[in-house]
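Working notes for the structure below.
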Amino acid sequence: MMIDITQEVFSCKVYPGDPMPSRKQLQNLAQGDVCNLTAFSMCAHNGTHVDAPAHFISGGKTIDEMGLEPFVGNCFVARCDGNVTVEDAADIMERARVVGASSRILIAGKATVTAEAAQVFARSGIKLLGNESQTVGPEDAPREVHLILLGAGIVLLEGIVLKDVAEGKYLLSAAPLNLAGCEGAPCRAYLMS
């Protein structure tokens, strides 16, 4: 079974201060044009998206330099609300190891990864950390958590939708658009059970 965990782009949540996605109909069959044709504009971090190290690290890898490997493979979905503590992070990593899915961690719920929890994830050697919020760390001060995780080479998958997803092991596909030189990119993320 496939489970779409992607926000719809034009009605998506956006990080405070980021522009909302917009679209414009350039051609329309109903108006006699040869086809329907839409142009759109959006921030690379709108809706469901990934962050590459270059988002917070000068000279860090950009999306096109990441390759696809971090974005596709076994993952573990864990539920957590509130601040993700060191104990929470260690528990998540242990449960993910038991089922053979400790390379990619997705956190369901209204969770905020603390700097201390980010250190646990960074030391564990994961490839990807995802969450439902538009930012992994505190919304009012995301820098420290991003530096810890992106500095460890962990890509971030933000703005996923996990409200109806049970905890456990899944196959994740969250490949970003190949946007050369960009620090982030939208993606279509889904799980297979």
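With respect to residue 100, determine if the residue is open to solvent by 40 Å² or more (accessible area, probe 1.4 Å) and either modelled with pLDDT of 95 or more or aromatic (Phe, Trp, Tyr) (or both). First the steps, then the outcome.
Values: open to solvent by 40 Å² or more (accessible area, probe 1.4 Å): yes; either modelled with pLDDT of 95 or more or aromatic (Phe, Trp, Tyr) (or both): yes.
Judged against the criteria, residue 100 is a match.
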Item to check | the stretch 20-56: number of residues that are within 18 Å of residue 142 (Cβ to Cβ) and of a type outside the set (Ser, Thr, Tyr) | outcome: 13
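Here's the yes/no breakdown for (1) in a loop (DSSP other than H, G, I, E, B); (2) of a type outside the set (Val, Ile, Thr); (3) farther than 21 Å from residue 131 by Cβ:
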| site | (1), (2), (3) |
| --- | --- |
| 14 | yes, no, no |
| 19 | yes, yes, yes |
| 34 | yes, no, yes |
| 39 | no, yes, yes |
| 77 | no, no, no |
Checklist entry - Is it the case that residue 23 is farther than 25 Å from residue 192 by Cβ, among the basic types (Lys, Arg) and at pLDDT 95 or above? => result yes
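Looking only at the stretch 2-52, which residues are charged (D, E, K, R) and either over 19 Å from the mean Cα position of the chain (by Cα) or exposed (fewer than 11 other Cβ atoms within 10 Å of the Cβ) (or both)? Give the steps one after another, and end with the answer.
Of the stretch 2-52, the ones charged (D, E, K, R) are 4, 8, 13, 18, 23-24, 33, 51.
The answer is 23, 24, 33.
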Checklist entry - What are the pairs, 6+ residues apart or on separate chains, where a residue within the stretch 80-96 that is in a helix (DSSP H, G or I) has its Cβ under 7 Å from a residue that is open to solvent by 50 Å² or more (accessible area, probe 1.4 Å)? => result 86/116
Checklist entry - What are the residue pairs meeting all of these: first residue in the stretch 41-54, first residue on the phi > 0 side of the Ramachandran plot, second residue crowded, with 23+ Cβ neighbours inside 10 Å, Cβ atoms under 7 Å, and 6 or more apart or on different chains? => result 47/159; 47/186
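The values are calculated or read from the model by the stated rules, or taken from the named source; none is laboratory data. Note that the structure is predicted; figures quoted are calculated from it, not measured. All Cβ positions, even for glycine, are placed from backbone atoms using ideal geometry, and neighbour counts span all protein chains on display. We work out accessible area using only protein heavy atoms, side chains counted, and drop any ligands, DNA or RNA first. Shrake-Rupley method; radii C 1.70, N 1.55, O 1.52, S 1.80 Å.
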